[in-house]
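Take a look at the structure set out below.
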Amino acid sequence: MALNSSRNLLFIFAFCLSIFCFSQEKQKITIEYAGIGYTDENIEPGAKVFLRDESLQVHFIHKGVNMWCDKAIYYEDQDFIEAFSNVSMKQGDSINMVAKYVEYSGKTQLAYAQGDVVLTEPQSTLTTDKLYFDRTRQLAYYNTTGKVVRDSSGTITSQIGRYYMNASKYQFTQDVVLVNPDYTLNTERLDFFPDNGHAYLFGPSTIVGETSKVYCERGFYNTNANTGYFQRNAKIDYDNRSIEGDSLYFDRTRSFASATNNITVTDTLNNSIVKGHYAEVWRAKDSVFITKRALAISVQEKDSVYLHADTLMVTGKPEHRITRAYYNAKLYKSDLAGKADSIHVDHKSGLTQLINLGRFSSSDAFALARKPVLWNIGNQMTGDTIHLISDVKTEKLDSLKVFNNAFLVSKDTISEDGFNQIKGQRLIGLFRDNELYNVDIIKNAETIRYMRNDNNDLIGIQKSKSGSINIKIIEKAIDEVRFINQIDGNIFPESDFPKSGRRLRGFDWRGEEEPKSLDDLFNDDPPLILPKIKGLEDYVPPEEFVDDSVSERVEDAGKSTPEKPNKAARNLPKKEDKPVEKLKPKPTKDSTEVKKDKEGQ
């Protein structure tokens, strides 16, 4: 036994001495320690076997890499080693790997690990069944499903993964899932930097949390700060709302999102849509702010209502939403149009308020304060404030109220410059099938009316004053006028009625301002200049693990032993089954429906 131990020690000493002398030139694998060492010709001529002792594992090094195991077989002629059982590999102070089995070529610097593989770096831990490692490129690769665990960002799994050690970057492809306590991310490819928690998404991707869902086909997410930028069919869904735009920003911590260019915010509960080119959304406050060609659409079965202004704000809980449009606000539907400095809509009560903000300075000669105005079937109504009430169930107009300086004007059907006019302190109107059929002018009522017979011949022009007036309208024309507490009144032949007296004080015909189509809402908007979105970097296909440089190294490694199989070439990964192509968006029901909605509006 003593003789055998002496022979083993002598063998190890001689082997290590020869390796040491030769390693100075070619830097071959060096055996630092082994409890037992011997040559086993049954494995292969020249194969050297090393075993651990009771205190220490077999330890060998190569160019800064240390490896420990319970058993190793070294093929000196090919500078190739196999490590078995409790294998541990360490590179520098930061990269550690453990596995049940490892192969390593000192000529190619390629390693292959199998069985409960765990790769640890300062910010994360990778586990997989098989792992390939290229020390020259500092690249680790797996294609048998892997999992990366990081404390702050959660767990990432994928079918294929790469870890670039110099850049401290993971690249995951195929069925990528990131599970975080607050959300789950699914994507086709994820480039992840564990040092700062930055994640880049490629292809159809979703981020689903308890209260929100994000979809994009190109995106960036900061897993540390919980903020992200999303592009290409980007969409955020939350609380019966969805936000779409060319570029979306999302802050999960603040429950805040903003969008730029071609924005659509859809409220599925209230059946309304808001569009524009810049928006801010505060989820906790139930608030949406949108500007740049801002347009709110109250989608109705027969006739949608469109509201446009420089700026729109939608606030309130889903069951009680309020829309505020201010600065040159306009309202349009097929049988109704309006215009005011500000328009407020209470969707729960059906109340629409047209308001004069009173923001014009009397000292500004160029400022013109225009009263709110409403047009319906040829009738123009103006006043200091106008309230329009709709039946929220039937979606039909119910009534209107004009407060202070009420003025009702309709153009005479035949004369060139004749106008039927009624004014007073207040106006109350009633609608039937969205057409005005009854009007009450209350207090200080005045009227000028063109009287015609059944043949539309002009009988005369009526001018009168009274306490109040009741008007019946049939088929869009005044049919009956009742004067209550009449003060005076008369009917004059047209020739006896001076033209200078054919306008009541405060008369202001604004027919040229009436929007007659959806496009007319934008007629006097300033030119729209949208910011150019630089966008995130384009998709670049992942590199193959076995590239040209690896193939050359493997080929060169076998030249010294042409009569033997090239061990450096075994267990190399095959090319990925799927060809690497530019990722294309997946057609989804949601995206198709959104496109149809856009086209319909």
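The values are calculated or read from the model by the stated rules, or taken from the named source; none is laboratory data. These numbers come from a predicted model, not from an experiment. We place every Cβ from the backbone using ideal geometry, glycine too, and count neighbours over all the protein chains shown. For the accessible areas, the whole protein counts, side chains as well, though only heavy atoms, and no ligand, DNA or RNA atoms are used. Shrake-Rupley method; radii C 1.70, N 1.55, O 1.52, S 1.80 Å.
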Q: Look at Ile484 and say whether it is without any contact (Cβ under 8 Å) to a residue 60 or more places away in the chain, open to solvent by 70 Å² or more (accessible area, probe 1.4 Å) and in a strand (DSSP E or B).
A: no
Q) Tell me, which residue of the stretch 424-442 that is among the charged types (D, E, K, R) and either modelled with pLDDT of 90 or more or surrounded by 22 or more Cβ atoms within 10 Å (Cβ to Cβ) (or both) is farthest from the chain's Cα centre (by Cα)? A) Asp440
Q: Give the stretch 232-243 a look and list any residue that's open to solvent by less than 20 Å² (accessible area, probe 1.4 Å), at pLDDT 90 or above and either under 19 Å from Lys532 (Cβ atoms) or charged (D, E, K, R) (or both), or say none.
A: Ala234
Q. Scanning the stretch 447-459 for residues that are part of a strand (DSSP E or B) and modelled with pLDDT under 90, which turns out farthest from Asp496 (Cα to Cα)?
A. Arg452
Q.
If I ask for residues that are open to solvent by 60 Å² or more (accessible area, probe 1.4 Å) and within 17 Å of Tyr327 (Cα to Cα), which ones from the stretch 525-535 would you list?
A. Pro526, Pro527, Leu528
Q) What tally of residues in the stretch 563-589 results from selecting those that are open to solvent by 70 Å² or more (accessible area, probe 1.4 Å), outside any loop (DSSP other than H, G, I, E, B) and at pLDDT 90 or above? A) 0
Q) Within the stretch 37-94, which residues are more than 23 Å from Asp116 (Cβ to Cβ), charged (D, E, K, R) and assigned to a loop (DSSP other than H, G, I, E, B)? A) Asp40, Glu41, Glu44, Asp53, Glu54, Lys63, Asp79, Asp93
(Q) Given the criteria among the hydroxyl-bearing types (Ser, Thr, Tyr), over 29 Å from Asp496 (Cα atoms) and either touching a residue at least 24 places away in the same chain (Cβ under 8 Å) or open to solvent by less than 50 Å² (accessible area, probe 1.4 Å) (or both), does Ser390 qualify? (A) yes
Q. Take the residues of the stretch 62-84 that are at pLDDT 95 or above and open to solvent by 50 Å² or more (accessible area, probe 1.4 Å): which is farthest from Gln109 (Cα to Cα)?
A. Lys71
Q.
Filter the stretch 257-282 down to the residues that are assigned to a strand (DSSP E or B), open to solvent by 20 Å² or more (accessible area, probe 1.4 Å) and of a type in the set (A, V, I, L, M, F, W, C) and list them by number.
A. Trp282
Q.
Considering only residues that are closer than 30 Å to Asp246 by Cβ and either in contact with a helix residue (DSSP H, G or I) (Cβ under 9 Å, 6 or more places away or on another chain) or surrounded by fewer than 17 Cβ atoms within 10 Å (Cβ to Cβ) (or both), which ones fall in the stretch 540-562?
A. Val540, Pro541
Q | Hits in the stretch 306-334 - residues which are within 21 Å of Asn523 (Cβ to Cβ) and open to solvent by less than 30 Å² (accessible area, probe 1.4 Å) | A | Leu307, His308, Ala309, Thr311, Leu312, Ala325, Ala329, Lys330, Leu331, Lys333
Q.
Please verify whether Ile81 is touching a strand residue (DSSP E or B) at 6+ places or on another chain (Cβ under 8 Å), under 22 Å from Asn196 (Cα atoms) and without any contact (Cβ under 8 Å) to a residue 60 or more places away in the chain, treating the condition exactly as stated.
A. no
Q. If Asn453 passes every condition in (1) over 24 Å from His344 (Cα atoms); (2) in contact (Cβ under 8 Å) with a residue 24 or more places away in the chain but one, which one does it miss?
A. (2)
Q: Scan the stretch 507-524 for residues that are part of a loop (DSSP other than H, G, I, E, B) and surrounded by 13 or more Cβ atoms within 10 Å (Cβ to Cβ) and report the count.
A: 6
Q.
Please return the ranges of strands (runs of 3 or more DSSP E) entirely within the stretch 135-184 where 3 or more residues are open to solvent by 10 Å² or more (accessible area, probe 1.4 Å) and closer than 27 Å to Asp547 by Cα.
A. 169-179
Q. Would you call Ala296 in contact (Cβ under 8 Å) with a residue 24 or more places away in the chain, more than 28 Å from Arg189 (Cβ to Cβ) and open to solvent by 20 Å² or more (accessible area, probe 1.4 Å)?
A. no
